[in-house]
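What follows is a short report on a single structure.
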Amino acid sequence: MSHSTSIICGFLGGTIVSVEGGYRVLQHPCRYRVFDRIADARWFLAITWCDQLYSPAGVLTHDGRLSFQNQAALALGESLFLHPKCRASVFSACTSSSGDQASIRLIQPDGRQLEVTGVEIDPRYGRVAMVRTLKARLQSHLGI
């Protein structure tokens, strides 16, 4: 009799399942793709989360870098999406909040609202901040 432990968990709107040899993401376009580490599966879902949004979104790391930005953030421009001078305070706010995926809302100096969610993707690097501009405020900012 085989005694294996299976893991099924939700992460940023996706589902990760442990399989022989690693982890599968049910939302992955290649259904046979197996990630070696659960952190790799989480990174895939973080990028997918950003990419599916119409408003600017990205992943902010502890060192103030946007490790990923979606097309809307790229079109807006990295500095306008999340000004480099604001990044440390944005990251600090999300990491100081308790809970696994606690979301907060911040208002940038130009009046745009950001939703920031602190998540654990890879335990080797600590939390990251999932940042997105709230669409209604972005539309009024751009005059749409």
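Where a number appears in this text, it was derived from the coordinates with a stated rule and is not lab data. Everything numeric here is computed off the predicted structure, so don't read it as measured data. All Cβ positions, glycine included, derive from the backbone under ideal geometry; neighbour counts span all protein chains shown.
Observations on the structure shown:
- For TRP49, TRP43, the sequence from fewest to most other C-beta atoms within 10 Å is TRP43, TRP49.
- Sorted largest first, the spans of the alpha carbon positions of segment 1-52 along the three principal axes are 43, 18, 15 Å.
- Converting phi to 3J(HN,Hα) with the Karplus coefficients 6.51, -1.76 and 1.60 and the offset θ = phi - 60°, segment 18-34 yields 6, 9, 4, x, x, 9, 10, 9, 4, 8, 5, x, 9, 5, 9, 5, 10 Hz in sequence order, with x at every glycine or proline.
- Were the residues from CYS86 through ILE7 laid out at 0.36 nm apart, the gain over their Cα-Cα distance would be 24.7 nm.
- Neighbourhood charge, 13 Å Cβ-Cβ cut-off, centred on PHE91 and excluding it, Lys, Arg +1 and Asp, Glu -1: +3
- Inter-label distance for GLN71 and CYS30, nm, one decimal - labels placed 7 Å from Cα along Cα-to-Cβ: 2.2 nm
- Net lengthening on full extension, SER79/HIS62 (0.36 nm per residue, minus Cα-Cα): 4.4 nm
- For TYR23, TYR54, TYR32, order by how many other beta-carbon atoms lie within 10 Å, fewest first: TYR32, TYR54, TYR23
- Cα-derived Rg to Rh of segment 1-92, Kirkwood definition: 1.10
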